[in-house]
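What follows draws every value from the coordinates through simple rules; no lab data is involved. From a predicted model like this one, the values you see are computed outputs, not experimental measurements. We place every Cβ from the backbone using ideal geometry, glycine too, and count neighbours over all the protein chains shown.
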Amino acid sequence: MTSNQLKWIAIITMIIDHVGAVLFKEYVLFRIIGRIAFPIFAFLLTEGFSHTHDKKKYALRLGVFALVSEIPFNLAFYNNPWDLSHQNIFFTLLIGLLCLWIYETWHERHRWLSIGGVYLLALLADVLRTDYGLFGVLLIFILYQTKTLKGKAIVIITMNVLLAGLNLLAGATVVLEIYAGLSAIFVFMYNGKKGKGIKYVFYLIYPFHLALLYLIKLFLIA
């Protein structure tokens with residue numbers, strides 16, 4: 001399975017998740033399917049970081065679309081163009097990429113400083129309340145450190161089981177994170193090839209589908 005095929009799986013499951021979250025909140029199956037998306041995006045980010053020729057351009061692209069997507073994100077989920085209670089996934093991916101960049105740049109000469117920078121940025125994701133927060137950033141970092149596909153699959157399953165357990169201990173009655181482990185199946189099938197290019201599809205689909213969901217929601221409640 002190529003990276004672009006993985007990307008399509010992540011995009012489709014993400015859209016299903018958001019359709020459920022915005023339009024069909026009573027049907028938990030949408031959210032279960034949607035758990036597959038983020039670990040695949042996290043994995044693909046580590047692959048993209050390892051192969052990109054211009055990390056600055058990669059970070060800038062994530063930052064631009066984080067800003068572009070924020071209003072559609074807020075409208076779709078909170079019916080308000082300005083809401084600081086939850087930030088979109090591009091902010092999480094950007095912070096994750098910055099963690100990898102800091103670690104790659106500093107770890108040989110300043111190992112502990114680089115690790116400290118990673119954890120500070122992970123905490124920043126929680127402070128900013130980005131999608132998946134600290135957990136999402138740490139998942140990106142640990143996937144980057146894990147070298148084999150089998151190891152990456154185990155990391156995805158283990159971290160999501162731990163997150164589900166923590167949520168249960170915190171009093172959650174419905175734990176969806178456990179289903180994110182299903183994404184490990186697709187990651188394990190990765191063949192290391194890029195496949196036919198869809199470089200900017202995710203960047204464009206993300207704000208567009210959120211805006212569309214908001215308009216559909218307005219139509220349904222009108």
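Report the number of Lys pairs in the range 3-221 whose alpha-carbons are under 21 Å apart, with separation of 8 or more residues or on distinct chains.
24
Could you pull out every residue, at least 5 positions away or on a different chain, whose amide H is within less than 5 Å of the one on residue 130? Hs are placed 1.01 Å off N in the peptide plane, and Pro or chain starts have none.
87
Calculate the FRET efficiency for residue 191 and residue 115 from the Cβ-Cβ distance with a Förster distance of 45 Å, rounded to the nearest 0.05.
My answer for the efficiency is 0.90.
As an exercise, identify the chymotrypsin sites (Phe, Trp or Tyr not before Pro) in the range 1-37 lying in DSSP coil whose Cβ has no more than 15 other Cβ atoms within 10 Å.
For chymotrypsin sites (Phe, Trp or Tyr not before Pro) across the range 1-37 that sit outside H, G, I, E and B with at most 15 neighbouring Cβ atoms in 10 Å, the list reads 24, 27.
With springs only between Cα atoms under 10 Å apart, run a GNM on the chain and tell me which of 129, 111, 61 wobbles the most.
Among 129, 111, 61, the largest GNM mean-square fluctuation belongs to 111.
Counting only GluC sites (Glu not before Pro) that sit in a DSSP loop (anything but H, G, I, E, B) with at most 13 other Cβ atoms within 10 Å, what is the longest stretch of the chain containing none of them?
Longest site-free region, per DSSP loop and neighbour criteria: 109-222.
Which one of 150, 199, 25 has the biggest mean-square fluctuation once the chain is modelled by GNM with Cα springs under 10 Å?
Of 150, 199, 25, the most mobile in the Gaussian network model is 199.
In the chain, which whole DSSP H runs stretch at least 20 Å along their own axis (Cα) and average 0.5 or higher on the Kyte-Doolittle scale?
Span-like helices here: 3-22, 37-51, 55-78, 89-106, 111-127, 149-169, 201-221.
Name the most mobile residue of 65, 208, 43, meaning the one with the largest mean-square fluctuation, in a Gaussian network model of the chain with Cα contacts below 10 Å.
For the chain, modelled as a Gaussian network with Cα springs under 10 Å, the answer is 208.
What dipole magnitude, in Debye to the nearest 20, does the chain give about its Cα centre under +1 on Lys/Arg Cβ and -1 on Asp/Glu Cβ?
The calculation lands at about 680 debye.
Can you give the FRET efficiency for residue 28 and residue 145, using 1/(1 + (r/R0)^6), R0 = 41 Å, r = Cβ-Cβ distance, to the nearest 0.05?
After rounding, the FRET efficiency stands at 0.80.
Kirkwood Rh, the range 3-221, all Cα pairs: how many Å?
Value: 17.8 Å, from the Cα pair sum.
Taking every Cα atom in the range 125-222, find the radius of gyration and the maximum pairwise distance Dmax, and write them in Å.
Just the Cα atoms of the range 125-222 yield Rg and Dmax of 17.1, 52 Å.
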